[in-house]
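The values are calculated or read from the model by the stated rules, or taken from the named source; none is laboratory data. Since the structure is predicted, the reported quantities are computational estimates derived from the model, not experimental observations. Ideal geometry is used to build each Cβ from the backbone, glycine not excepted, and the neighbour counts take in all protein chains shown.
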Amino acid sequence: MSEQLRVGMVGYAFMGAAHSTAWRTVNHAFDLPLSARMTAVSGRSPEGVAAAAAKLGWDEHTTDWRSLIERDDIDLIDICTPGDTHAEIALAALAAGKHVLCEKPLANTVAEAREMADAAAQAATSGVWAMCGFNYRRVPAVALMRQMVAGGRIGTIRHVRAQYLQDWIVDPSFPLVWRLRKELAGSGALGDIGAHIIDMTQFVTGQSIASVSALTETFIKQRPLTAESAGLSAAAADGSGLGDVTVDDAALFLARLDGGAVATYEATRFATGRKNALRVEVNGSLGSLAFDFERQNELEFYDAALPSAEQGFSRILVTEADHPYIAAWWPPGHGIGYEHTFTHEVRDLIEAIAAGQQPTPSFADALQVQLVLDAVSRSAESAQWTTVESALQ
Ligand code: SOE
């Protein structure tokens, strides 16, 4: 291993830009055992990837992701592409001895996720590490919530209430982009944003989702084709055609957790006015904790041990140097944003790689999320309570 961690990133759209910000910033914010180097980025469009490399700060660019994996001067492959390509790229990278960071959800199917988790377990035996990018774990308030739950501050957990609400496809004229096509995205709101609250609640509570009762809905069944999706349909040759939406617009489910808590989950892209409203509340025998991403520098805490005259939800401003990750940033009260979650993610990844330790969430952890997604889909289809398989089989 060089003194640097030399990164090759695949994909440069929204997630590629977020990860680039993280790789660009991490050396400057944290004292790290290895410094990240943005060696090369790949993407399908020659002009697009050249422009992205210049804008985002990559040394080189290519249209061939396989060439990144073949290079001796790249240590880690960062996968920021749609879900249908995650398995192929991750498997090739791990086989070539490259560490891997893969965006969530890990894959489009349980079969792919299982193959990736198996390959990652094998690679780990020779010190090659894989991690899945559930960035919201790295919001300081969420990390603090986990610490407080683990420290017993709210006692035995009874309820978990999780929502991830967006509204970017409320307009029926919004086009049939890749996130609305099952063959590319695997699922809709369920895998894209539901996966985040599944991971976050399992992370915060230390409990796994054991069984689910779900429903899914697709409100707008057809949408205008894009130039890319029109390629699929002769009827759309003039650019005016409609194509089928093949994923869920919303997914709701009840769940039982293996530690005895009961939970509700709601993931939707139709919550008009809610842009990126990720909320998790946990009620325990001794108190409650609540997080809302739209107020991400805060954590609400209700302490039932206080005298009744003093009880009530208090607001912890998560900007103190002794809060997770914060010492690297600004003085108390100044706050941080969305991009910092990715910087924290790559910081933790670099630390784990340098220490020769499994970074988390591992591909096995992400497979467990995929198994929940799969159980939710099956439950919605069958209208039955459905048991979540364990990744450890
Ligand atoms: C789109 O719905 C999206 O970009 C998700 O894919 C991300 O994971 C989430 O952080 C924001 O919304």
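Given the criteria more than 20 Å from the chain's Cα centre (by Cα) and within 20 Å of VAL346 (Cβ to Cβ), does ASP64 qualify?
On the way: more than 20 Å from the chain's Cα centre (by Cα): yes; within 20 Å of VAL346 (Cβ to Cβ): no.
In short, no.
In the range 177-232, which residues are within 11 Å of the ligand (Cβ to nearest atom), surrounded by 21 or more Cβ atoms within 10 Å (Cβ to Cβ) and not in a helix (DSSP H, G or I)?
Answer for the range 177-232, where residues must be within 11 Å of the ligand (Cβ to nearest atom), surrounded by 21 or more Cβ atoms within 10 Å (Cβ to Cβ) and not in a helix (DSSP H, G or I): just GLY188.
Out of the residues in the range 337-393 meeting the condition of being under 23 Å from LEU257 (Cβ atoms) and of a type in the set (D, E, K, R), tell me which one is surrounded by the fewest Cβ atoms within 10 Å (Cβ to Cβ). So that I can check it myself, show each step before the final result.
Start the filter on the range 337-393 by keeping residues that are under 23 Å from LEU257 (Cβ atoms), which leaves 360-393.
Now restrict to residues that are of a type in the set (D, E, K, R): 365, 374, 378, 381, 389.
Working: ASP365: 21, ASP374: 21, ARG378: 15, GLU381: 12, GLU389: 16.
Checked the range 337-393; the qualifying residue surrounded by the fewest Cβ atoms within 10 Å (Cβ to Cβ) is GLU381.
If you take just the strands (runs of 3 or more DSSP E) that sit entirely in the range 14-129, which of them hold at least 3 residues that are surrounded by fewer than 23 Cβ atoms within 10 Å (Cβ to Cβ)? Reasoning before the result, please.
Working: elements: 35-42, 60-62, 76-79, 99-103.
It comes to 35-42, 60-62.
Let's see how each residue does on (1) in contact with a Phe, Trp or Tyr (Cβ under 6 Å, 6 or more places away or on another chain); (2) at pLDDT 95 or above; (3) within 16 Å of the ligand (Cβ to nearest atom):
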residue	(1), (2), (3)
ALA235	no, no, no
GLY241	no, no, no
VAL262	no, yes, no
ALA267	yes, yes, yes
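May I ask you to verify whether HIS340 is assigned to a helix (DSSP H, G or I) and within 30 Å of THR21 (Cα to Cα)? Write out each step before concluding.
Values: assigned to a helix (DSSP H, G or I): yes; within 30 Å of THR21 (Cα to Cα): yes.
In short, yes.
Filtering the range 160-176 down to residues that are part of a loop (DSSP other than H, G, I, E, B) and within 11 Å of the ligand (Cβ to nearest atom), which residue is surrounded by the fewest Cβ atoms within 10 Å (Cβ to Cβ)?
Of all residues in the range 160-176, those part of a loop (DSSP other than H, G, I, E, B) come to 166-176.
Adding the requirement that they be within 11 Å of the ligand (Cβ to nearest atom) leaves 166-169.
On the way: GLN166: 19, ASP167: 16, TRP168: 12, ILE169: 22.
Looking at the filtered set, the residue picked out is TRP168.
Could you tell me which of the residues LEU254, LEU278 is within 16 Å of the ligand (Cβ to nearest atom), surrounded by 14 or more Cβ atoms within 10 Å (Cβ to Cβ) and closer than 30 Å to ARG153 by Cβ? So that I can check it myself, show each step before the final result.
Values: LEU254 fails: within 16 Å of the ligand (Cβ to nearest atom).
Being within 16 Å of the ligand (Cβ to nearest atom), surrounded by 14 or more Cβ atoms within 10 Å (Cβ to Cβ) and closer than 30 Å to ARG153 by Cβ holds for just one of LEU254, LEU278, which is LEU278.
Restricting to the range 343-384, count the residues that are away from the ligand (no atom under 16 Å from the Cβ), assigned to a loop (DSSP other than H, G, I, E, B) and within 16 Å of ALA143 (Cβ to Cβ).
Selection size over the range 343-384: 2.
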